[in-house]
Amino acid sequence: MCCRHRLAYLATTSQQTKTNHIIMNRRDFIQLSGMGIGAMLGASVPVLGNIVPAEALLDPKIDPVTKKRLADVALNAAKARGATYTDVRIGRYMQQYLFTRETKVQNIVNAESYGVGIRVIANGTWGFAATSDVTTQGIAKCAETAVAIAKANAKIQKEPVNLAPQKGVGEVVWNTPIKRNAFEVPVQEKIDLLMKVNSEAMKNGAGFVTSNLFFVNEQKYFASSDGSYIDQDIHRIWPTFTVTAVDKQAGKFKTRDAISSPMGMGYEYLDGLASEKIAAPNGLVGYRNSYDMVEDAIMAAKQAKEKLTAKTVPAGKYDLVLDPNHLGLTIHESVGHPTELDRVLGYEANYAGTSFATLDKWQTKAFNYGSKLVNIVADKTQPHCLGTVGYDDEGVPCKEWNLIKDGVLVNYQAIRDQVGILGEKESHGCCYADNWNSVQFQRMPNVSLQPGKEKLSVFDMIKGVEKGIYIIGRGSYSIDQQRYNFQFGGQLFYEIKNGELTSMLDDVAYQSNTQEFWNSCVQICDKDDYRTFGSFFDGKGQPSQVSAVSHGSATTRFNGVNVINTGRKI
Amino acid sequence: MAIILSKEEAKKIIDKVLSFSKADEMSVSLSGGRTGNIRYARNSVSTSGESYNLSLAVTAVYGKRSGTATINEFDEQSLEKTVRRAEEIAKLAPENPEYMPLLGPQKYLETPSFNESTAKIDPEFRANAAFNSLDPCAKKNLTAAGYLEDTTGFSAIGNSKGLFGYNKYTSVDFSVTVRTADGTGSGYGIKDFNDVSKLNTKATTEIAMQKAMASMGAKALEPGKYTVILEPAASIDLLQNMMRNMDARNADEGRSFLSKKGGGIRLGEKLFDERVTIYSDPMNGEIPGSPFSGDGRPQENITWVDKGVVKNLTYSRYWADKKGVPATPPPSGFIMLGGTESLADLIKGTEKGILVTRFWYIRSVDPQTLLYTGLTRDGTFYIEKGQIKYPIKNFRFNESPVIMLNNLEAMGTPMRIGGCLVPPLKIRDFTFSSLSDAV
């Protein structure tokens, strides 16, 4: 939904009682100074587990034979105590985060979290327990605790868990296809890159710059009483920065954040391959599956300076041409969250809210979420994406499915204990827990707008616009608790007049209503313009869990959208 | 080992850790506690649990290089291993040119932040608290979703220069959203305390229930500038966001709402209505805070805004040293002085206006002017001739707390919200820029 400073939330995924009983380390947060990240996260990022030396992150994985043996201990212990279903997740979660400003390295965090989470159904009720004592004894005790909790909660249960069947998949392996493991890249090489990014930004007019690298590796082993033993190795990467230009005489400052995308890739994302660059008007560049961080920092510094004197936007209706690096967040907020079934049902009512995309609208099979051009898919299999895995955290093989087909709402995002409400027999496979000690629940898969079928570049699209604004990058964002009314800013705004990009604009934000907005979608560029945007720390639940998710799209045009001027004097 | 260590137990462990040090400087922080929660939705409990934590972080320093390692085992061998690990990490770390030598011994206040009643909370207490909130809703065909979280903990710090500090604390946070069965009405209640005996989940829920029922059938008003009465749950986020932007370095660097045209900062300038006074006091009985900040600086009574004039900014130790000023840390909570009127009195004294229960999804739009956007939620009402007339549809706002605190009409009695004391505020010309259909 969003991330507030407490990044609040944990799971409530079912109509049934689910108890999260944890004996564990408390979650810690790192305060951030970077403005762009601050704006997004409420100034902190979560860190799981203990701080360790960098080399410890390369310790060999626990071998699958040992993990299977330990998992069987949990499955047997739970069954002996009366569980009718059990899943066990043995997880090693690793993070390396680097923080710099100008010529200084501010912080390097290496953290590792290792333990086991056991979820059971007993007497028709969920129970969950977790422990960092990954021994035969520790695991057996934890499994017993999970069953005891389930039985205790069964007394106040209204109706039993209705779990969609899932055939065991046997012993399988899935790894994020990476070319260069980011954890094997020497820290010095990473520092050198960030120092280069910072110095190039300063050389090109930045007053200040902060830059970061975030690396995540989840080594997850899942086993269930359905007969699945799933070993997965998942990698994610996010390079980012914020450049600030200051004019002290005028008493003004402007920032420009990186237009990178967090990815489900290794360090190769930072190769900056020319073949992955997508040209746009005014020398602008979009990055597909390879990012040139130094080049982007140079452009950012120049553009931040240009923003200081950019023309303030006259409020009114404009045709918007939205770059994928901007549109991704609009998709996330206005399509991704409202189609989460647990939200629709009311499980998030006290925090993130509910949804306008109610079951009665879906049942009509004619609810026009958007124009006929709008096809939005949910998917856990798209290469290079953050939400992409082989199997979800309840052992369901991942797939792709439609959420919006030819503009009509056709489905939601649902997991094993809720998918039955939709009349489906199989989970969509979008269950996730952010750590071994968090209980898994419904989380957003990658949600993407399909590209247009006819050949169309961003140059062609702009040629057709008389009065419009071209918007790039993720800026300020806000949406109501049922996902009707939203307001989005961006990083870069250019005026379009009679088919040409003219000058840079400032103080731009657009406001719309989700259904109205998606119905004003009139043109989508083709697959050659398609790329992903991502959210690395998406928050949901009370207490909080994070997840990472990608949103693909090509540049898209929306007609007659209300633009406000956000300039003020204080 | 107990999870809540006494001052003496904590000091013993910290001294032991420091005795293993071979580094130039070493600091240790030891914290532990228990956090419990219960969550419910659709009138039924959905999640509940307890977690325990006791962990130690050691930071070793060589010159301007520092390294941190953490551990949650406390035998001598583990402690020594952690010290060695922190030392290894420090030796490999890049130099931090902004490193400040550790503080020597400090004098800390004894803040009244711990309450035995909160420390005694058990799963049964939480279940009852949830039941007292759920049950009245179920009886009235309303749907409750709520969350209660309580923490009992301690925090101890020490270093190789003889600094030692210890604090024990408790807290409880409760919030509930009540919706009508048809989904056309929604109300909200929220409370936080150190002392759980002040919490009545039933009474808080009853306010949310009233708001849910009264907000059915909302009418649409035109967006525009309105006089508003902001309940503390509405104004708190904007005020907290402003207080978080009181950093002197950003202001000096020209990238803050406190930076001045032509250079310089607005410290000492009158920036708000003269009735605006904001201070912090860790000894305040309503919002007792920690006696020290994360880096060991003492928390004291500090006036941030006095009669509309900016009196103090927050400093890192590095920046304060560079500027030759006292290194005032950011406070844990703040107090905004108000008036003596109740919320009901404020409504009575309003010719035309809008009562706002809370704001939602607040995000920065322009850091230069502290412009924020967000929406009203869970109970927005039109006031005419001193009375609540009818519920209205939710609005999106675009407003700056700086402008808001200049358009001050009246203030009520301060109430605790989010660890702060904030009065209900009556503000003229508050900018609502569009309507939302959300309930």
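Across the stretch A:454-462, rounded Karplus estimates of 3J(HN,Hα) from the backbone phi angles (6.51 cos²θ - 1.76 cosθ + 1.60, θ = phi - 60°) give 8, 4, 7, 9, 5, 4, 4, 4, 5 Hz, Gly and Pro being marked x.
With distances taken between every two different alpha-carbon atoms, chain A has a Kirkwood hydrodynamic radius of 24.3 Å.
Translational D (Stokes-Einstein, µm²/s) of the stretch A:446-532 at 37 °C and 0.692 mPa s when Rh comes from the Kirkwood sum over C-alpha pairs? In µm²/s, the coefficient rounds to 227. With contacts taken as Cα pairs under 8 Å and at least 6 residues apart, chain B reaches a relative contact order of 15 percent.
Looking at the calculated P(r) for the stretch B:335-391, what percent of the C-alpha pair distances fall above 15 Å? Here the tail beyond 15 Å accounts for 62 percent of pairs.
Taking 4 °C and 1.567 mPa s as the conditions, I'd like the Stokes-Einstein D for the stretch B:45-185 in µm²/s, using the Kirkwood hydrodynamic radius from alpha carbon pairs. Rounded, D is 66 µm²/s. When you filter the GluC sites (Glu not before Pro) in the stretch B:93-182 for DSSP loop state and at most 12 other Cβ atoms inside 10 Å of their Cβ, you are left with B:110. Taken over the stretch A:488-536, the convex hull of the Cα atoms encloses 150 Å³ per residue. Around the Cα centre of chain A, unit charges on the Cβ atoms of Lys, Arg, Asp and Glu (plus for the first two, minus for the last two) sum to a dipole of about 1000 debye. When the inverse distances between all different Cα atoms of the stretch A:201-319 are averaged and flipped, the Kirkwood radius reads 17.0 angstrom. Computed from the Kirkwood radius of its Cα pairs, the Stokes-Einstein diffusion coefficient for the protein assembly as shown at 37 °C and 0.692 mPa s stands at 113 µm²/s. Placing unit charges on the Cβ atoms of the charged side chains and taking the dipole of the protein assembly as shown about its Cα centre, the candidate lying farthest along the positive direction among A:533, B:193, A:53 is B:193. Our estimate of slack between residue A:502 and residue A:559, defined as 0.36 nm per intervening residue step minus the Cα-Cα distance, is 18.6 nm. Separation of the stretch A:446-488 and the stretch A:210-240, taken as the distance between their Cα centroids, equals 30 angstrom. Using only alpha carbons, the stretch B:127-241 has a radius of gyration to Kirkwood radius ratio (Rg to Rh) of 1.15.
Computed packing ranks the peptides B:347-360, A:171-184, B:176-189 as B:176-189, B:347-360, A:171-184, most packed first, by mean other Cβ atoms within 10 Å. For the stretch A:272-323, dividing the convex hull volume of the Cα atoms by the residue count gives 95 Å³ per residue. Whole Å is fine, so just give me how far the alpha carbon centre of the stretch B:1-48 lies from that of the stretch A:148-186. Distance between centres, Cα-based: 30 Å.
Cα-based values for the stretch A:20-242, radius of gyration first and Dmax second, are 21.3, 68 Å. Among B:178, B:404, A:64, whose Cα projects farthest towards the positive end of the dipole of the protein assembly as shown, with charges put on the beta-carbon of Lys, Arg (+1) and Asp, Glu (-1)? After comparing all options, I get B:404.
On the basis of the beta-carbon distance and an R0 of 35 Å, residue B:340 and residue B:64 show a calculated FRET efficiency of 0.10. Charge dipole (Cα centre; +1 on Lys/Arg Cβ, -1 on Asp/Glu Cβ; no other charges) of the stretch B:58-191 amounts to roughly 320 debye.
The distance linking the stretch B:177-199 with the stretch B:106-173 is 17 Å (Cα centroid to Cα centroid, whole angstrom). Over the Cα atoms of the stretch B:183-287, each weighted equally, I'd like the Debye log10 I(q)/I(0) at q = 0.21 Å⁻¹, rounded to two decimals. So the normalised log intensities are -1.22. Using only the alpha-carbon atoms of chain B as identical scatterers, what base-10 log of I(q)/I(0) does the Debye formula give at q = 0.06, 0.07, 0.09 Å⁻¹? Listed by q, the Debye log ratios stand at -0.31, -0.42, -0.69. With q set to 0.11 Å⁻¹, the log10 of I(q)/I(0) for the stretch A:282-420, from the Debye formula over equal scatterers at the Cα positions, is -0.62. Packing, taken as the mean count of other beta carbons within 10 Å per residue, orders the peptides A:374-386, A:449-461, A:251-263 from highest to lowest as A:251-263, A:374-386, A:449-461. Extending 7 Å from Cα along the Cβ direction at residue A:249 and again at residue B:128 yields two label points whose distance is 7.0 nm. The value for the stretch B:318-363 of Rg(Cα) / (2.2 N^0.38 Å) is 2.05. Projecting the Cα positions of B:167, B:61, B:103 onto the charge dipole of the stretch B:7-212 (unit charges on Cβ atoms of Lys, Arg, Asp and Glu, taken about the Cα centre) puts B:167 furthest along the positive direction. A quarter of the convex hull surface defined by the alpha-carbon atoms of the stretch A:486-570 gives 8.8 nm² as the mean projection. The radius of gyration of the Cα set in the stretch B:281-420, together with its Dmax, comes out at 18.5, 57 angstrom. Evaluated with a Cβ-only charge set (Lys, Arg +1; Asp, Glu -1), the stretch A:412-472 carries a dipole of roughly 160 debye about its Cα centre, given to the nearest 20.
Any read-out appearing in this document is the output of simple, stated calculations on the displayed coordinates, not a laboratory observation. Just so you know, these numbers come straight off a predicted model, no measurement behind them. All Cβ positions, glycine included, derive from the backbone under ideal geometry; neighbour counts span all protein chains shown.
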